[in-house]
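Let me give you the structure first, and then I'll get to my questions.
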Amino acid sequence: MSATLTQTWYMTQRQLMAYWRQPVFLLINLIQPVIWLFLFGSLFRKITDLGGFGTGSYLDYLVPGIVVMSALSSNMWAGMGTLEEIERGTLNRFLTTPVSRGALMNGNVVSQGITTAVQSVIIVALGKLGGADYPGGITGLALLIVASTLLGTVFGALSNALGMLVRERESIIGINTFLLLPLTFLSEAFMTPSLMPGWMRHIADFNPVNWALVAGRSAMAEDPDWADVATRGGALLALALAAVWLSTRTFRSYQRSV
Amino acid sequence: MAPTTGGPAPHHLRTRALAVETNQLVKTYPGGVKALDGMELAVESGIVFGLLGPNGAGKSTTVKILTTLARPDAGTAAVAGHDVLRHPGRVRAAIGVVAQKSGADPVATGRENLLLQRRLYGLRGAACARRADELLARFDLADAGNRPVKGYSGGMCHRLDVALGLVHRPEVLFLDEPTTGLDPEARAAMWEEIARLAGEDGLTIVLTTHYLEEADRLAERIAIVDRGRVVVEGTPDELKGELRGDAVHLELSEAVADGAEPPLRDALTALPGVHEVAVDGRRVSARADDGAAAVPTLLTALERAGAAVATATVARPSLDDVYLRYAGRSFDEAEAAAEAPVPAGAAGGVR
Ligand SMILES: Nc1ncnc2c1ncn2[C@@H]1O[C@H](COP(=O)(O)OP(=O)(O)O)[C@@H](O)[C@H]1O
Ligand SMILES: [Mg+2]
C-alpha cells in the first residue's frame, strides 16, 4: 500500500512537472478564464438589475461560474495527454516495470485534481482583485474549489477513458467542442435559474456542471443552504467515484488490447 | 549441432538455465489477425538471442507477452524462471525492456527520466542518482543529461531508451528492433553498444530485428520467425551451413514460357553439383556445391535450351537464403505481404 502511495506521488509529480514546463497549457488555462471573466463580466454587467442573482454586482455571481466552466474545459482535454502517452510508448514502458497499476491511474487523477484546484484558486483571487465580494468567506470558497475539483475529476476521468478507448484525437476534439457550451449554458453558470426558461431549468437539474455551481454558490452565500451543498456535493462525489471506476475499467481493457 | 525446425528445443539445451522459455504461444488480435501461431522458444541464459523475421511476423507480440504487457490466448511462457501469467511482478523486476517506442518523457531531462525509471524499481536516494550518472556517461549523454529530451537527436533518444531499460540491472534485456529507423552511423554505434552489453556478466539479450545482417552479426543464436511461429532455430553458422553450397542467380534476357519452366528446371537439376533449382520468368536460381564452377555448366545448359543469359551472380549463403528455404518465400516478399493489408484497429495509428 505504501509503495502504491509513493508511486502515485512519483506519477503525480511527473504530470505536474510536464504541465509546468509547457507554458502554452499554463497560458491557455489561466488566460482563458481571465478573458471569460472580462467578456462575460462586461457583457452581462447590467443583468443583475433584473434581480434574482442575490447580489447587485454581476462579478460576484460570475466568479463561481468561471471557476466551474474552467474546471470543465481544462479537464475535458485530459484524454489527449493519455492518448499521447500511449502513442509515444510511455504507458507501455511503465507497464513493463513493477509500478503499481493503480498508481498509474491515480497519478492522473491526483495531478488533474491539483491543477484544477490551483486554477480555481487563481480565478477566485483574480475575481477578488477585480472587486468581487465573497460573503461566504473562506469556507464557502474552499467548498467551491472542492466542487470544481470534483467536477474536473468527473470529466478528466471520462476524457481519459475516451482517449484509451477510441485512441483518436478527432473524437476527443469533437466531443469536447460539442459538449462544452451546452453543458455550460444549460446550467446557472452565467444566469440565475429564476430567469431561465422552465425546460432549461429542468435539464440543468440533471447537469453535473449545475451541481457544482449550486453546491459552490450555496456554500458561498452569506447564509449557506447546507442541504443544497450536501446533496449536490454528494452527487458530484458519487459521480466522480463512478467516473474514476469507469476509467480504471477502461485502463484494464486497454491493457488487454495492447 | 543441427538447426532445429519448429518444435521444442532439444533436450540437452534444457539442462542449462533458460532465460526465456515459451510453449505453444497463440495470440489472435481482435479483428482476427493471428499474430502468434504456436511460438516456441528456448533461450539459454547469458547469450544474445535474435528473433529474426519480416514485419508482421509476430516479433513484437512475442516481446509484449514475454514482458507481461499482453496475454497469450493459449500457451505458456516463463522469463528468468518466472511464469509471465502467474508471477508478472517477478518477471517485471527481472527484465529490462527497450520497445520500438519507449517514449521517454519529452519535457523531462534525460536524467529525470532515468531517475524516475529507477524509482519505479524501488531504489531511492543517492544510489539512484549515481546509477543515472553512470548510465548517462556510458551512453554518451553526460552533457545532454540535464537537457529536456525533446531536444535530443534520434540517436540520443535511442541511447536513452536503452539506458532506461538497463537502469535496474536486469537479468534479461529485451530489445525490440533497436536499430530500425536509425541512420547507418547511429546503427553502427548501437551495434557496438549491444556487443558491449553482450559481454556483461550473465545478461541475456533477446533482440528482435528484421535486418538479416543485424541478426547475423549480433546474435549467438537465431530463431527465424514467420507468420507467428519459429520456422528454424540455430547459430547463424549452423543455419547457413545447412544450405548446400553457394547461391547462383541468373537473369535471362527473355522470360521462359510457362510450359517450358518445369523441363528447364529438371534439366538444370540433373547437372552435377547443382541443386534446388527454381525458374521464375526471367529469374533462375540454384544452389551449387561450388558456385564458380557451376556457372559455366549452367550457362551451357541454358544455351542448349535456347535461353540467353544476361547476368549471373554467385553468392555465399546468407540468412536471406535460409529464410527463403524455411519460410518458403523471400524476405522481401514477406515484408511486402505484411505491408499490404492494414487490419482495422491496429494499435493507435498516428494521423
Ligand atoms: N494491437 C494490435 N491489434 C491488432 N493487431 C495487431 C496488434 N499488434 C500487432 N497486430 C498484428 O499482429 C501481427 C504481428 O504483429 P507484430 O507482432 O507487431 O509483428 P512484428 O513485430 O514482427 O513486425 C501483424 O499482422 C500486426 O498487424
Ligand atoms: Mg515489431
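With point charges of +1 on the Cβ of Lys and Arg and -1 on the Cβ of Asp and Glu, referenced to the Cα centre of the protein assembly as shown, which listed residue (B:274, A:12, A:162) lies farthest in the positive direction of the dipole?
A:12
Another question about this same structure. In whole Hz and in residue order, list the ³J(HN,Hα) couplings for region A:30-42 that follow from phi through the Karplus curve 6.51 cos²θ - 1.76 cosθ + 1.60, θ = phi - 60°; x for Gly and Pro.
Ordered by residue, 3J(HN,Hα) equals 10, 5, 4, x, 5, 4, 4, 3, 5, 5, 5, x, 6 Hz.
For region B:119-193, what class follows from the C-alpha gyration tensor (a ≥ b ≥ c being the square roots of its eigenvalues): rounded when a/c is under 1.5, otherwise prolate if a/b is larger than b/c, else oblate?
Taking the square roots of the gyration eigenvalues as a ≥ b ≥ c, region B:119-193 is oblate.
Tell me, what HN-Hα J-couplings in whole Hz come from the Karplus equation 6.51 cos²θ - 1.76 cosθ + 1.60 at θ = phi - 60° for each residue of region A:44-60, using x for Gly and Pro?
Karplus-based 3J(HN,Hα) across region A:44-60 equals 9, 3, 7, 5, 5, 4, 6, x, x, 8, x, 7, x, 9, 5, 4, 3 Hz.
Using a probe radius of 1.4 Å on heavy atoms only, what accessible surface per residue do you get for chain A? Whole Å² is fine.
45 Å²
Also, I was wondering about something else. Per DSSP H run of at least 4 residues, take -39500 (n - 2.57); add these up for chain B, divide by its residues and hand me the 222 nm value, nearest 500 deg cm²/dmol.
-10500 deg cm²/dmol
Going by amide H atoms built from the backbone, whose H comes under 5 Å of the H on residue B:174, apart from near neighbours?
When sequence neighbours closer than 5 places are left aside, the close amide H contacts are B:96, B:97, B:98, B:206.
How far is it, in nm, from the label point at residue B:271 to the one at residue A:252 when both lie 7 Å from their Cα along the line to the Cβ?
With each label point 7 Å from Cα toward Cβ, the separation is 6.6 nm.
Sketch the reach of a paramagnetic label on residue B:329 as a point 7 Å from Cα along Cα-to-Cβ, and name the residues of region B:237-274 whose backbone nitrogen lies under 13 Å away.
none
Counting only the backbone N, which residues of region A:1-40 are under 13 Å from the spot 7 Å out from the Cα of residue A:114 toward its beta-carbon?
A:6-21
Amide H of residue B:222: which non-local residues (sequence gap of 5 or more, or other chain) have their own amide H closer than 5 Å, using H built in the peptide plane?
B:50, B:234, B:235
Using modelled amide H (1.01 Å from N, peptide plane; none on Pro or chain starts), what sits under 5 Å from the amide H of residue B:229, excluding residues fewer than 5 places away?
Amide H to amide H, under 5 Å and 5 or more residues apart or across chains, residue B:229 pairs with B:37.
With axes computed from alpha carbons, what is the tilt in degrees of helix A:226-257 against the longest principal axis of chain A, rounded to the nearest 10 within 0 to 90?
The helix A:226-257 is inclined about 20 degrees to chain A.
Per-residue HN-Hα couplings for region A:110-122, Karplus 6.51 cos²θ - 1.76 cosθ + 1.60 at θ = phi - 60°, whole Hz, x for Gly and Pro?
5, 5, 5, x, 4, 4, 5, 4, 5, 4, 5, 4, 5
What 222 nm value per residue comes from the helices of chain A, counting each DSSP H run with n ≥ 4 as -39,500 (n - 2.57) and dividing by all residues, nearest 500 deg cm²/dmol?
Dividing the helical sum by the residues of chain A leaves -27000 deg cm²/dmol.
Let me ask something else. Dipole size in debye (nearest 20) for chain B around its Cα centre, Lys and Arg Cβ +1, Asp and Glu Cβ -1?
On the way: 39 positive and 48 negative charges, 366 e Å.
So the dipole magnitude of chain B works out to roughly 1760 debye.
Okay, next question. Let a ≥ b ≥ c be the square roots of the eigenvalues of the Cα gyration tensor of region B:203-310; is it rounded (a/c under 1.5), or, if not, prolate (a/b larger than b/c) or oblate?
Prolate, because a/c is 1.5 or more and a/b exceeds b/c.
From the mean inverse distance of alpha carbon pairs (Kirkwood) and the Cα radius of gyration, derive Rg over Rh for chain A.
With Rh from the inverse mean 1/r over Cα pairs, Rg/Rh is 0.99.
What's the Cα-based Rg to Rh of region B:11-240, Rh via Kirkwood? List each step's numbers first, then the result.
On the way: Rg = 17.3 Å, Rh = 18.0 Å.
Checking Rg against Rh, the ratio lands at 0.96.
Where the accessible area of the protein assembly as shown is counted over protein heavy atoms with a 1.4 Å probe, how much of it, in %, is carbon and sulfur?
The C+S portion of the solvent-accessible surface of the protein assembly as shown is 59 percent.
What's the total accessible area buried between chains B and A, using a 1.4 Å probe, rounded to the nearest 100 Å²?
Details: alone 17240 and 12850 Å², together 27410 Å².
Result for this pair: about 2700 Å² buried.
Next question, about the same structure. If you line up the long axis of helix B:154-166 against the longest principal axis of chain B, both from Cα atoms, how many degrees apart are they, to the nearest 10?
Roughly 70 degrees between the two axes.
Relative contact order of region B:225-348: what whole-number percent is it, with Cα pairs under 8 angstrom and at least 6 residues apart? Walk me through the intermediate numbers first.
On the way: 165 pairs, mean separation 38.2, N = 124.
Worked out over region B:225-348, it gives 31 percent.
Would you kindly find the accessible area of residue A:77, with a 1.4 Å probe and non-protein molecules such as ligands, DNA and RNA excluded, rounding to the nearest 10 Å²?
The accessible area of residue A:77 comes to roughly 110 Å².
Reported to two decimal places, what Rg/Rh ratio describes region B:38-111 when computed on Cα atoms with Rh from the Kirkwood expression?
1.00
Would you mind counting up the charge near residue B:71? Only other residues with Cβ under 11 Å from its Cβ, with Lys and Arg at +1 and Asp and Glu at -1.
In short, +2.
Sequence gap at least 6, Cα distance under 8 Å: using those rules, report the relative contact order of chain B to the nearest whole percent.
Averaging sequence separation for qualifying contacts and normalising by length gives 20 percent for chain B.
Over chain A, what relative contact order in percent results from Cα pairs under 8 Å that are six or more residues apart?
Value for chain A: 26 percent.
Oh, and also: Counting only heavy atoms of the protein chains, get the accessible area per residue of chain B (1.4 Å probe) and round it to a whole Å² value.
Value returned for chain B: 45 Å² of accessible area per residue.
Considering only chain B, what is the antiparallel percent among its DSSP beta bridges, to the nearest 5?
70 percent
Give the percent of DSSP beta bridges with both residues in region B:151-247 that are antiparallel, rounded to the nearest 5.
So the antiparallel bridges in region B:151-247 amount to around 50 percent.
What area, in nm² and to one decimal, does the C-alpha convex hull of the protein assembly as shown cast on average over all directions?
Value for the protein assembly as shown: 34.8 nm².
Rounded if a/c is under 1.5, else prolate if a/b is larger than b/c, else oblate: which is region B:176-228, with a ≥ b ≥ c the root eigenvalues of its Cα gyration tensor?
Details: a/c = 2.05, a/b = 1.07, b/c = 1.91.
Because a/c hits 1.5 or more and a/b fails to exceed b/c, region B:176-228 counts as oblate.
Among DSSP beta bridges whose residues both lie in the protein assembly as shown, state the antiparallel percentage, nearest 5.
70 percent
Also: With all protein chains present, calculate the accessible area of residue A:61 using a 1.4 Å probe and round the result to the nearest 10 Å².
10 Å²
Suppose we compare each residue of region A:91-137 in its chain alone and in the full protein complex with a 1.4 Å probe; which ones drop by at least 40 Å² of accessible area?
A:93, A:96, A:97, A:98
The values are calculated or read from the model by the stated rules, or taken from the named source; none is laboratory data. In this text, all values refer to a predicted model and were calculated from it rather than measured experimentally. Glycine also receives a Cβ, built like all others from the backbone with ideal geometry; neighbour counts cover every protein chain displayed. The area values use the complete protein model at the heavy-atom level, side chains included, leaving out ligands, DNA and RNA. Shrake-Rupley method; radii C 1.70, N 1.55, O 1.52, S 1.80 Å.
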